[in-house]
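Novice: One structure follows; several queries about it will come next.
The values are calculated or read from the model by the stated rules, or taken from the named source; none is laboratory data. Worth saying up front: this structure is predicted, and the values here are computed from it rather than measured. Glycine gets a Cβ as well: all are built from the backbone with ideal geometry, and neighbour counts include every protein chain shown.
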Amino acid sequence: MNEVVLDCMGEACPVPLIKAQNKLKELALGDLLIVQIDHSCAMKNVPEWARKEGYNVEVEEVDDGEWEVIIEKTK
Amino acid sequence: MSENETVSSIQRSPRSRASTRKPKVNQIPFGVLLLLITIGMGIMLNIQSSNLALFFITGICFGFILQKSRFCFTASMRDPYLTGSTSVTRMVLVAFAITTIGFTAIKYGYLQSGLPIPGMGYVVPISFATIIGAFLFGIGMVIAGGCASGTLMRVGEGFTMQILSLIFFVIGSLWAAHDFEWWKFHVISKGKPIFLPDIFGWFGAVIVQLLIILFLYIAAEKYQKARTIKDQQNN
Amino acid sequence: MSAYKELINKINKNEFYKRWLKDAWPYITGAVLLSLFQIVTLATTKNPWGVTGAFANWGAWIYEALGGSVDKWYYFSSDGAQATLQAGFLKDPGSIRNIGIIIGALLATLLASQFKIKKIKSKKQIFAAILGGLLMGYGARIAYGCNIGALFSGISSLSLSGWIFAIGMFGGAIVGGKLLVKYFM
């Protein structure tokens with residue numbers, strides 16, 4: 001099981017989501033993708049997309065205006 | 001985030017956790033301070049002109065609502081194609097439907113009282129300039145990461161990139177104002193405004209418009225479902 | 001100091017604070033509240049909400065401050081436009097409302113304790129911001145408005161121009177999306 005960190009700090013919508021979508025395709029089953037973002041809209045649309053796809057998702061506020069979205073590739 | 005403090009279902013290695021961060025400075029006091037300053041500004045504006053104060057207050061409300069709900073008109077147009085999500089698109093359609101009903105009620109009330117109908121300045125001529133302008137605007141908002149209201153909101157959130165795009169937004173506006181005479185006499189004047197009640201009657205116009213919105217809503221939801229399945233198969 | 005910390009802790013744990021000020025609202029809440037304030041705006045000011053009209057005035061004021069003159073420009077030739085330019089920034093309702101939007105967003109961000117200055121990350125972002133800003137500014141003027149004035153307010157005013165604007169913008173957004181993925185990512 002791998003943990004891949006995707007740095008999207010300073011990236012505006014929709015870049016974090018597209019990067020996350022592309023990165024997740026490369027990962028193997030059971031891997032974790034940690035998307036680091038500081039864009040308040042991405043903090044809503046990245047988890048929304050991942051949940052829609054049926055992955056396990058968690059959002060953690062790591063600092064003021066900084067989040068980590070943790071996506072588990074479950075399928 | 002309340003939902004994240006629940007028992008974690010995802011097992012992460014402790015190493016990747018951001019545990020060594022500096023302690024957070026809570027910003028709520030700054031927020032309260034800004035709120036007090038804002039109230040003060042509102043009172044000052046009100047002394048000058050209650051109309052200015054009204055615009056100020058509605059601006060504050062629009063900014064607050066846009067930020068809190070992350071409402072993004074850019075995403076509503078961009079996401080269907082780019083990411084396959086239509087959740088914002090559908091909510092924009094809901095806003096169109098509600099506002100249509102409210103606006104029409106106000107206008108109809110004025111009409112019944114024999115007064116000039118308000119807001120008719122926004123029923124503008126349809127010409128190639130509408131399409132070209134909208135098309136340029138559509139490209140611009142996607143690459144700049146926000147439309148006009150979105151840019152203002154993101155300036156408030158602290159985005160340096162949007163401060164830059166706001167500056168060039170103003171320059172672009174001035175540039176077009178400079179060229180406006182040409183557009184007006186060569187393009188815009190060739191089109192005319194179309195006010196739907198003039199075609200369908202007042203009730204008819206509302207019903208036709210709500211039906212179009214309903215159709216688009218259903219289409220957007222079906223599209224998202226189809227796209228999700230297609231994307232999963234491609235994985 | 002500890003009393004202050006305790007207070008902050010208490011606020012942070014408060015259920016209503018979390019729901020209304022800390023967490024993002026659902027999109028539907030935004031849709032309903034924006035509609036409400038659109039209706040308030042039309043009822044009280046006799047005009048729907050618009051954003052970009054004021055930007056042209058900002059441009060004119062800056063241009064005149066730099067020694068230029070827009071007096072001969074057709075766009076600013078109406079009495080209304082001249083009066084607005086004469087009165088200045090602090091007396092222009094549209095400009096005040098735009099400042100309100102910035103402050104409102106800042107207020108929401110601070111009360112959620114999520115404010116952060118986000119620096120420009122790359123040259124690509126600079127280029128995207130400049131090009132995007134220019135295209136939006138120019139486009140909005142010739143199409144009589146932006147997502148708010150031409151689209152949201154236009155459609156809600158039962159003007160066919162709003163729907164035509166939507167079609168043009170949807171096409172632009174697709175092209176913009178392709179450009180973004182290819183050159184700005």
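Novice: Looking only at residues in segment C:54-75 that are closer than 12 Å to B:Ala176 by Cβ and surrounded by fewer than 22 Cβ atoms within 10 Å (Cβ to Cβ), which one is farthest from the other protein chains (Cβ to nearest Cβ)?
Specialist: The residue in question is C:Trp73.
Novice: What's the total number of residues in segment A:7-44 that are at the interface with chain B (Cβ under 9 Å from one of its Cβ atoms) and more than 17 Å from B:Met153 (Cα to Cα)?
Specialist: Total meeting the criteria: 9.
Novice: Something else now. Working only within segment C:153-163, note down all residues that are free of Cβ contacts under 8 Å to residues at least 60 places away in the same chain and either within 10 Å of B:Ile143 (Cα to Cα) or of a type in the set (S, T, N, Q) (or both).
Specialist: C:Ser159, C:Ser161
Novice: When segment B:68-89 is examined, which residues are found to be free of Cβ contacts under 8 Å to residues at least 40 places away in the same chain, buried (at least 23 other Cβ atoms within 10 Å of the Cβ) and either charged (D, E, K, R) or facing chain C (nearest Cβ under 7 Å) (or both)?
Specialist: Of everything in segment B:68-89, those that are free of Cβ contacts under 8 Å to residues at least 40 places away in the same chain, buried (at least 23 other Cβ atoms within 10 Å of the Cβ) and either charged (D, E, K, R) or facing chain C (nearest Cβ under 7 Å) (or both) turn out to be B:Lys68, B:Ser69, B:Arg70, B:Phe71, B:Asp79, B:Val88.
Novice: Consider B:Ser165 against the criteria (1) closer than 19 Å to C:Ile101 by Cα; (2) hydroxyl-bearing (Ser, Thr, Tyr); (3) more than 7 Å from chain C (Cβ to nearest Cβ): it satisfies all of them except one. Which criterion is unmet?
Specialist: Just one mismatch for B:Ser165, condition (3).
Novice: Report whether or not B:Phe169 is touching a Ser or Thr at 6+ places or on another chain (Cβ under 8 Å) and modelled with pLDDT of 95 or more.
Specialist: Details: touching a Ser or Thr at 6+ places or on another chain (Cβ under 8 Å): yes; modelled with pLDDT of 95 or more: yes.
In short, yes.
Novice: Right, something else. Yes or no: B:Tyr217 of a type in the set (Phe, Trp, Tyr), within 19 Å of the chain's Cα centre (by Cα) and more than 7 Å from chain C (Cβ to nearest Cβ)?
Specialist: Details: of a type in the set (Phe, Trp, Tyr): yes; within 19 Å of the chain's Cα centre (by Cα): yes; more than 7 Å from chain C (Cβ to nearest Cβ): yes.
So B:Tyr217 passes the test.
Novice: B:Gly84 passes all but one of (1) assigned to a loop (DSSP other than H, G, I, E, B); (2) closer than 27 Å to C:Ile120 by Cβ; (3) in contact with a Ser or Thr (Cβ under 8 Å, 6 or more places away or on another chain); which number fails?
Specialist: It fails just one condition, (2).
Novice: Now for a different question. With respect to B:Ile65, is the statement that it is surrounded by 22 or more Cβ atoms within 10 Å (Cβ to Cβ), at pLDDT 95 or above, of a type in the set (A, V, I, L, M) and in a helix (DSSP H, G or I) true? Give the derivation first.
Specialist: Numbers: surrounded by 22 or more Cβ atoms within 10 Å (Cβ to Cβ): yes; at pLDDT 95 or above: yes; of a type in the set (A, V, I, L, M): yes; in a helix (DSSP H, G or I): yes.
Yes; evaluated as a whole, the condition is true for this residue.
Novice: Sticking with this structure for a sec: Is it the case that segment B:90-98 has a residue that's within 8 Å of chain C (Cβ to nearest Cβ) and over 18 Å from C:Leu151 (Cα atoms)?
Specialist: Scanning segment B:90-98 turns up no residue that is within 8 Å of chain C (Cβ to nearest Cβ) and over 18 Å from C:Leu151 (Cα atoms).
Novice: Looking only at residues in segment C:1-25 that are part of a loop (DSSP other than H, G, I, E, B) and facing chain B (nearest Cβ under 7 Å), which one is modelled with the highest pLDDT? Can you show your working first?
Specialist: Within segment C:1-25, the first condition is being part of a loop (DSSP other than H, G, I, E, B), and the residues that meet it are C:1, C:14, C:23-25.
Among the residues that remain, those that are also facing chain B (nearest Cβ under 7 Å) are: C:23-25.
Values: C:Asp23: 93, C:Ala24: 93, C:Trp25: 96.
Once the filter is applied, the top-ranked residue is C:Trp25.
Novice: Another question, if that's okay. From C:Ala166, C:Ala128, C:Ala150, which residue is under 19 Å from the mean Cα position of the chain (by Cα), touching a residue at least 12 places away in the same chain (Cβ under 8 Å) and surrounded by fewer than 24 Cβ atoms within 10 Å (Cβ to Cβ)? Even if it seems obvious, please write down each step before you answer.
Specialist: On the way: C:Ala128 fails: surrounded by fewer than 24 Cβ atoms within 10 Å (Cβ to Cβ); C:Ala150 fails: surrounded by fewer than 24 Cβ atoms within 10 Å (Cβ to Cβ).
Selected residue: C:Ala166, the only one of C:Ala166, C:Ala128, C:Ala150 that is under 19 Å from the mean Cα position of the chain (by Cα), touching a residue at least 12 places away in the same chain (Cβ under 8 Å) and surrounded by fewer than 24 Cβ atoms within 10 Å (Cβ to Cβ).
Novice: Looking at C:Gly67, is it farther than 29 Å from B:Leu66 by Cβ and either in a loop (DSSP other than H, G, I, E, B) or at pLDDT below 95 (or both)?
Specialist: Details: farther than 29 Å from B:Leu66 by Cβ: yes; either in a loop (DSSP other than H, G, I, E, B) or at pLDDT below 95 (or both): yes.
Yes; evaluated as a whole, the condition is true for this residue.
Novice: Let me confirm something: among A:Ile71, A:Ile18, A:Ile34, which residue is in contact (Cβ under 8 Å) with a residue 40 or more places away in the chain and in contact with a helix residue (DSSP H, G or I) (Cβ under 7 Å, 6 or more places away or on another chain)?
Specialist: Values: A:Ile18 fails: in contact (Cβ under 8 Å) with a residue 40 or more places away in the chain; A:Ile34 fails: in contact (Cβ under 8 Å) with a residue 40 or more places away in the chain.
None of the other options fit; the residue is A:Ile71.
Novice: Exactly one of these conditions fails for A:Val69: (1) at pLDDT 90 or above; (2) under 23 Å from C:Ile174 (Cα atoms). Give me its number.
Specialist: Tallying (1) at pLDDT 90 or above; (2) under 23 Å from C:Ile174 (Cα atoms), A:Val69 fails exactly one: (2).
Novice: Looking only at residues that are assigned to a loop (DSSP other than H, G, I, E, B) and facing chain C (nearest Cβ under 7 Å) in segment B:108-129, which one is farthest from C:Tyr138 (Cα to Cα)?
Specialist: Residues of segment B:108-129 that are assigned to a loop (DSSP other than H, G, I, E, B), as a first pass: B:113-119, B:123-124, B:127.
Checking which are facing chain C (nearest Cβ under 7 Å) leaves us with B:118-119, B:123-124.
Working: B:Pro118: 27, B:Gly119: 23, B:Val123: 20, B:Val124: 17 Å.
Applying the filter and picking the extreme gives B:Pro118.
Novice: Kindly evaluate A:Leu17 against the criterion of being out of contact with any strand residue (DSSP E or B) (no Cβ under 6 Å at 6 or more places or on another chain), farther than 19 Å from C:Trp25 by Cβ and aliphatic (A, V, I, L, M).
Specialist: Values: out of contact with any strand residue (DSSP E or B) (no Cβ under 6 Å at 6 or more places or on another chain): yes; farther than 19 Å from C:Trp25 by Cβ: yes; aliphatic (A, V, I, L, M): yes.
Yes, satisfied.
Novice: Name the residues in segment B:130-162 that are under 21 Å from C:Gly168 (Cα atoms) and more than 7 Å from chain C (Cβ to nearest Cβ), would you? Can you show your working first?
Specialist: Filtering segment B:130-162 for residues under 21 Å from C:Gly168 (Cα atoms) gives B:130-151.
Once the filter is applied, which keeps residues that are under 21 Å from C:Gly168 (Cα atoms) and more than 7 Å from chain C (Cβ to nearest Cβ), segment B:130-162 yields B:Gly145, B:Gly146, B:Gly150, B:Thr151.
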